[in-house]
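Just below is one structure, and these are the notes that go with it.
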Amino acid sequence: MKRRDVVKVLLASAGAVPLALAAATGSAPGSAAGKCDGDGTPAQFVPKNAPDGKPQENDLSKFPRCPYCGMDRKQLHHSRLLIHYANGVPDGVCSLHCAAISLSINIDAEPKSVWVGDNASEAETKPLVEADKASFLIGGSAPGVMSARSKVAYGSEAAAKAAQAAQGGEIGGFEQALLAAYTDMSKDVARIRKNREERRSRMKAGPKG
């Protein structure tokens with residue numbers, strides 16, 4: 001099954017995703033987001049990066065921040081993903097949560113390659129591995145990124161099983177991990193919104209004492 005077909009099937013199985021995505025991207029009805037060319041069409045969400053034949057090379061320098069949440073991809077090198085669409089346009093994101101957003105709102109662009117940080121590596125900055133070849137530990141005790149339920153990628157099944165023995169959770173492929181991201185989307189967006197509102201409130205209140 002092609003990646004595009006996989007995404008379509010996963011989207012069809014997650015009825016709450018559209019509302020969660022609208023909240024996550026600021027495109028919900030009544031949003032105060034500024035108007036721009038393409039508003040009201042899928043084109044408003046198309047990644048703005050220039051086509052790149054090898055986006056996986058030096059991806060952290062090319063795509064330092066996640067376009068969907070603003071997180072630092074260098075800091076989250078272990079959870080980052082890089083999607084390369086068939087039109088040559090890359091989309092570097094911080095996590096599987098934001099990759100699910102990208103794949104959903106760019107439904108007319110077929111992803112020809114997807115890479116993810118390889119947590120089987122001992123390197124200080126995790127290298128990228130093809131997501132289709134990675135094993136994901138879903139729901140282990142490791143903290144999640146943009147999600148309460150972690151989904152950690154390993155370049156080898158043996159490394160994933162070793163992590164599972166220490167942390168619990170279930171091992172699955174990219175399709176299973178992506179489905180888990182869509183399943184968690186509604187609760188995760190609500191939690192993120194609450195956390196950010198609390199942070200804004202603390203900043204307005206200023207330091208105590």
- Message: Between residue 166 and residue 61, what's the calculated FRET efficiency when r is the beta-carbon distance and R0 is 30 Å? Round to 0.05.
- Response: 0.35
- Show the residues, 5+ positions off or on another chain, whose built amide H is closer than 5 Å to the amide H of residue 150. 139, 140, 144
- Note on the structure: Rounded to the nearest Å, the spacing of the alpha-carbon centers of region 149-165 and region 170-209 is 22 Å
- Message: Per residue of region 106-114, what does 6.51 cos²θ - 1.76 cosθ + 1.60 with θ = phi - 60° give for ³J(HN,Hα)? Whole Hz please, x for Gly and Pro, Karplus curve as stated.
- Response: 10, 4, 8, 10, 7, x, 8, 8, 9
- Item | For 57, 175, 170, order by how many other beta-carbon atoms lie within 10 Å, fewest first | 57, 170, 175
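Exposure proxy check: 203, 71 ranked by fewest other beta carbons within 10 Å?
Numbers: 203 9, 71 20.
So the residues, fewest neighbours to most, are 203, 71.
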- Note on the structure: In this structure, among 62/161; 54/112; 74/126; 48/112, pairs with alpha-carbon gaps over 21 Å are 62/161
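What does the extension gain come out to for residue 148 and residue 191, with contour length at 0.36 nm per residue minus their alpha carbon separation?
Details: separation 43, 0.36 × 43 = 15.48 nm, distance 0.86 nm.
Answer, rounded to one decimal: 14.6 nm.
Read the figures in this text as sums done on the coordinates, not as results from a lab. Remember, it's a predicted structure, so these values are computed and weren't measured experimentally. All Cβ positions, glycine included, derive from the backbone under ideal geometry; neighbour counts span all protein chains shown.
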